[in-house]
1. Among B:333, B:314, which is the only one that is in a loop (DSSP other than H, G, I, E, B), touching a helix residue (DSSP H, G or I) at 6+ places or on another chain (Cβ under 7 Å) and either of a type in the set (Asp, Glu) or away from chain A (no Cβ under 14 Å) (or both)?
2. Does residue A:148 count as modelled with pLDDT of 95 or more, in a strand (DSSP E or B) and more than 7 Å from chain B (Cβ to nearest Cβ)?
3. For residue A:99, state whether it is touching a residue at least 60 places away in the same chain (Cβ under 8 Å) and of a type in the set (Val, Ile, Thr).
4. Checking residue A:273 against (1) surrounded by 24 or more Cβ atoms within 10 Å (Cβ to Cβ); (2) part of a strand (DSSP E or B), which single condition isn't satisfied?
5. Please go through region B:235-270 and pick out each residue that is under 26 Å from residue B:84 (Cβ atoms) and in a loop (DSSP other than H, G, I, E, B).
6. Considering every residue within region B:177-185, establish whether at least one is crowded, with 22+ Cβ neighbours inside 10 Å and farther than 22 Å from residue B:261 by Cα.
7. Among the listed residues B:230, B:187, B:183, B:224, which satisfies the condition of being touching a residue at least 12 places away in the same chain (Cβ under 8 Å) and more than 17 Å from residue B:77 (Cβ to Cβ)?
8. Kindly check whether there is at least one residue in region A:219-234 that is assigned to a loop (DSSP other than H, G, I, E, B) and surrounded by fewer than 20 Cβ atoms within 10 Å (Cβ to Cβ).
There are 2 protein chains.
Amino acid sequence: MRKITGRISMNHGNGGVYMQKLISDVFMRFFNDELIGNQSDAAVLNTGSGAIAYTTDSFVIEPLFFPGGNIGSLAVCGTLNDLAVSGAKPAFLSVGFIIEEGFKISELTRIVRSMAIEAEKAGARIVTGDTKVVNAGKCDKLFINTSGIGVLDEKHIPLSSGKYIKPGDKILLNGPPGEHGMAILQARKLFDFKTNIISDCTNLYPLVKQILNISDRVHFMRDATRGGVATVINEIARKCNTGIEIDEAFLPVNNEVAALCELLGFDPLYIANEGKVIVVADAMDAELILTAMRQTKCGKNAAIIGEITADHPGKAVLKTRSGGKRIIDELLGDQLPRIC
Amino acid sequence: MRKITGRISMNHGNGGVYMQKLISDVFMRFFNDELIGNQSDAAVLNTGSGAIAYTTDSFVIEPLFFPGGNIGSLAVCGTLNDLAVSGAKPAFLSVGFIIEEGFKISELTRIVRSMAIEAEKAGARIVTGDTKVVNAGKCDKLFINTSGIGVLDEKHIPLSSGKYIKPGDKILLNGPPGEHGMAILQARKLFDFKTNIISDCTNLYPLVKQILNISDRVHFMRDATRGGVATVINEIARKCNTGIEIDEAFLPVNNEVAALCELLGFDPLYIANEGKVIVVADAMDAELILTAMRQTKCGKNAAIIGEITADHPGKAVLKTRSGGKRIIDELLGDQLPRIC
């Protein structure tokens, strides 16, 4: 693909191939620190006296309120999760608000309240913040940035580097993909019909902690947000130059998400989640981890969905229910912008 | 003042009284952590193995490019400065971009390059980031959030709490107020005439380091950004319940800023800066600190501008050139939004 030029398009923000190009051609060209170069969910830092994980995310979701949460709970959970999948205990959060003039203070209050509740549930402290107001029409109601610091214990392994991944490893997923994206689509009220789909937006740290307590053979973790499960799977294949095989028959399914996706021509594997984690672990511990995942609230539909293969390095393949195989392509275009 | 209700106005973002109300009535109501409650530039955290300073800022400046910098250099310097005035050595930065569809990649590249240059000059590493794209018309070209982590040495004193401030302490300022705000106003091209005013946007850490190296009698530091010098002065008076007397004759002046302010009816004390720091120190060390400040590039016009008084607690007073006295009010309305 040739070097990026011209103007920013919506695809530059979708988590897929175009966004990768923007990152590599513009951001990495100048921000060439090895830590940001890892492109993991959080950077692992040494402050001179101990290791911490550090991450940031901006949230521009539309609409601000949706079944299962709002931009505030999403912003806190999103950052908690980036820390959690790095193996860090979420400790401190920053919050930055960009508010459009005319925004209702009652709505802002509801959102701020949700943020405080989610942070408190997770035992994380909101310790620093910033507020900017822009004129009417200069932003879409409210954008929130959260950054976070997590504490790593001494024996932590770098869960996002992927360098421990090897053929034979099992791939686990804690529940059906696509619930967040489809909940947002519903909240946009573009259709007449109504479903009961609720966003999976949640703090994954309790699940991650359970997994890391029970096994020291976890080789990789990543929460599957923008670009969905397919994007994480492809990232592993590309980064580790390994093959991946996902078994469609084992993928957890939310029937309403599946039906809505079929109706609209979407593939749930590419739809955003806000409470789903991909875990890669040694086959020896896979069942143990699965049992641990199922004991948690957000892991009760967990499954072993596939494995790392020596075959077809760099490619992710789906074994379909009908026995066929097809490549899980990287995401190019995206019909669902602004889901986070 | 009664509890905040209704809708967000531009004044809720100006750093003055209305913003304080928004913070206390909405944010502090739910984010009631003692650390964020301090409302200092950066929170000082203990991660279990050492103290760090942590801060965040979003930048919505308009226009994106201005004499002396752009939104990128501003975003990096702004966060470096919040860390520096907490007595911390800036170490790690996060960057979050919210980009409007259609934004020129060439402009984004210039901005990203500036960020990398400023961070490198300061010896700080950009280690984690995030990119969101919103549809055309849903944000104003580009917003940037930066958060930062600074490292504190063992003997650091809490420079932003103000609890060491006492009557007789001297107040120092490293140069003439108002350059940033007036440079932005010029860049908006609302007037026919042209000045040579350049934003003072710079990294204050070298100056701060010089000061802290030479004196252990520094009692307070704060960079004077939104709301200007007047807002910091008022904050000290209110927080420490102490009086403040500023001597107009000693205030550093940029003649072009003064002329433009007079023409437009502004007071430079209320205009934003991005490279100005207020230092409060024991009178015994004031001259020493002044000399040290003047040896740095951004402190060559430094001055002792006033002192902390036991009289009129909670109020800041300006001794005018003509020998009169007037109260330096807290900022209410603001004619210059989006200067950072």
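1. Being in a loop (DSSP other than H, G, I, E, B), touching a helix residue (DSSP H, G or I) at 6+ places or on another chain (Cβ under 7 Å) and either of a type in the set (Asp, Glu) or away from chain A (no Cβ under 14 Å) (or both) holds for just one of B:333, B:314, which is B:314.
2. yes
3. No: the conditions fail for residue A:99.
4. (2)
5. Hits for region B:235-270 are B:242, B:251, B:252, B:253, B:254.
6. No.
7. B:230
8. No, there is no match, as no residue in region A:219-234 is assigned to a loop (DSSP other than H, G, I, E, B) and surrounded by fewer than 20 Cβ atoms within 10 Å (Cβ to Cβ).
The values are calculated or read from the model by the stated rules, or taken from the named source; none is laboratory data. These numbers were taken from a predicted model, which means no experiment stands behind them. All Cβ positions, glycine included, derive from the backbone under ideal geometry; neighbour counts span all protein chains shown.
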